[in-house]
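One structure is given here, and the rest of the page talks about it.
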Amino acid sequence: MNPSNEARARIEAAIVAAGLTPRGVVRPGADDGVPDPLPGRPARSLILIGWRGRVGWSAFAASPERRDGGADPLDRWSRRVIGGLAADLGLGVLFPFGGPPWWPFQRWGARAEGLTASPLGLSIDAEVGLWHGWRGALVSPEDLGAEAPPQTGPCATCATRSCLVACPADAFGPAGFAAGRCRTFLEGHAGGLCRTDGCRARDACPVGRAHRYAPDQIRFLMAGYRATLEEISP
Ligand code: B12
Ligand code: SF4
Ligand code: SF4
């Protein structure tokens, strides 16, 4: 194994041991604005980290942060676990939360795994569909490998586009996602199914059904999403 493959394999093994999933490599350019991971040593690679389908949820579900009743448990857990990996491996770390400004994780996901954009604004993977997300990225001064070629996105050939018609609040229009419409609907009496079973639009996509999040995962994320909506449009 050449040294860069060896370094990547070591980092990926540590991510898997922490219960998370390595989500490909990005080679940051000047436009990405990624800070040097070590003084005087520029960033040459990002390793994205997240969950694909249900993989990753059980590590968080068993964590003290999930049960301690404090604010932002998932973000605190991500900082502890991924920040811990960075410290152990001598790497830098970035998170998708904590903005604005926010690091462009969806754009990085397109480069790292060839993911494409769905009409919902979520990125879609040919295997797990819309059921994935990111929890952080490790920043390395080493070249850890190439970015991925684009996938053949399932949306390009999707005849039904069932995601777009499934939202009872009509929140997906020509101008993009209308977060205010979603919020008003979600908090009303009729929003019960979205609150308990998750976003109807995300759920309507036929791709990657076997990877749909676990029911408690969906409820937890929906509660967090409602709190965020309240923050951005009180
Ligand atoms: C802010 C935010 C929101 C806001 C958006 C409104 C606002 N006021 O800006 C609100 C609260 C409404 C929201 C809602 C949701 N969000 Co949100 N959100 C974010 C956050 C924190 C920042 C987005 C951003 O502005 N990034 C900055 C720009 C520069 O980044 P970007 O990569 O270039 O992406 C943006 C655009 O440039 C464009 N884009 C450009 N190039 C490309 C290429 C591809 C392939 C794609 C798909 C998009 C894309 O899409 C992005 C717009 O969000 C991201 C995390 C992150 N750091 O990206 C999560 C994130 C986008 N959200 C996510 C999710 C899952 C959701 C929800 C389903 C709720 C939930 N948490 O379960 C809903 C979905 C609603 C919808 N249909 O979009 C996931 C998406 C995972 C995926 N499969 O793509 C992310 C990545 C969080 C994560 N940790 O994984 N969100
Ligand atoms: S329903 Fe079709 S258009 Fe919508 S996200 Fe799924 S594959 Fe893409
Ligand atoms: S949560 Fe419900 S109201 Fe909001 S976008 Fe999804 S389907 Fe529409």
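Rule-based calculations on the coordinates, nothing more; no lab input. Keep in mind the model is a prediction, meaning the values are calculated, not measured. Note: ideal-geometry Cβ built from the backbone for every residue, glycine included; neighbour counts use all protein chains shown.
Across segment 189-195, rounded Karplus estimates of 3J(HN,Hα) from the backbone phi angles (6.51 cos²θ - 1.76 cosθ + 1.60, θ = phi - 60°) give 4, 6, x, x, 5, 5, 5 Hz, Gly and Pro being marked x. Does segment 51-173 classify as rounded, prolate or oblate by the C-alpha gyration tensor (a ≥ b ≥ c root eigenvalues; a/c under 1.5 gives rounded; else a/b over b/c gives prolate, otherwise oblate)? Note, shape of segment 51-173 comes out oblate. Neighbours of Phe97, meaning other residues whose beta-carbon lies under 11 angstrom from its beta-carbon, give a summed charge of +1 when Lys and Arg score +1 and Asp and Glu score -1.
For Thr157, Thr228, Thr21, the sequence from fewest to most other C-beta atoms within 10 Å is Thr157, Thr228, Thr21.
In terms of its alpha-carbon gyration tensor, segment 158-232 comes out oblate; a/c meets the 1.5 threshold, while b/c is at least as large as a/b.
For a footprinting-style exposure proxy, rank Ser4, Ser123, Ser140 by other Cβ within 10 Å, fewest first. Numbers along the way, then the final one.
Numbers: Ser4 16, Ser123 20, Ser140 25.
Listing Ser4, Ser123, Ser140 from fewest to most nearby Cβ atoms yields Ser4, Ser123, Ser140.
How would the chain be classified by its alpha-carbon gyration tensor: rounded, prolate or oblate, with rounded meaning a/c under 1.5 and the a/b versus b/c comparison settling the rest? Here the chain falls in the prolate category. Short-range pairs are left out: with C-alpha atoms under 8 Å and at least six residues apart, the relative contact order of the chain is 23 percent. Counting Lys and Arg as +1 and Asp and Glu as -1 over every other residue whose Cβ lies under 14 Å from the Cβ of Cys163, the net charge comes to +3.
From helices alone, the chain scores -11000 deg cm²/dmol at 222 nm; the rule is -39500 (n - 2.57) for each run of n ≥ 4 DSSP H residues, then divide by the residue total.
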